[in-house]
1. Could you give the angle, 0 to 90 degrees to the nearest 10, between helix 3-41's Cα long axis and the longest principal axis of the Cα atoms of the chain?
2. How big is the chain in terms of Cα radius of gyration and Dmax, in angstroms?
3. Could you please state how large a percent of the accessible area of the chain is carbon and sulfur, counting protein chains only and using a 1.4 Å probe?
4. Do the sum for the chain: with -39,500 (n - 2.57) for every DSSP H run of n ≥ 4, divided by all residues, what is the mean residue ellipticity at 222 nm, to the nearest 500 deg cm²/dmol?
Amino acid sequence: MNILLWILIFIGGAVGALSTLYIVVSLFAVIFYKIYRSLRYHVSIYD
């Protein structure tokens, strides 16, 4: 196959993997932050 096509495939896969990783990490970060804030400042988790 053409080398440019392989580069395009690699870039597309990397962008997809990085965006998925960002979403997963952000999800756990928000959950941890809400739990920390509720324990430290006695604020509701839903705020």
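The values are calculated or read from the model by the stated rules, or taken from the named source; none is laboratory data. Values in this document were obtained by computation on a predicted structure and should not be read as measured data. Accessible surface is based on the protein model in full, side chains and every heavy atom, while ligands, DNA and RNA are left aside. Shrake-Rupley method; radii C 1.70, N 1.55, O 1.52, S 1.80 Å.
1. 0 degrees
2. In Å, with Rg to one decimal and Dmax whole: 18.8, 59.
3. Working: 3500 of 4450 Å².
Whole-percent figure for carbon plus sulfur exposure: 79.
4. Taken over the chain, the calculation gives -30500 deg cm²/dmol.
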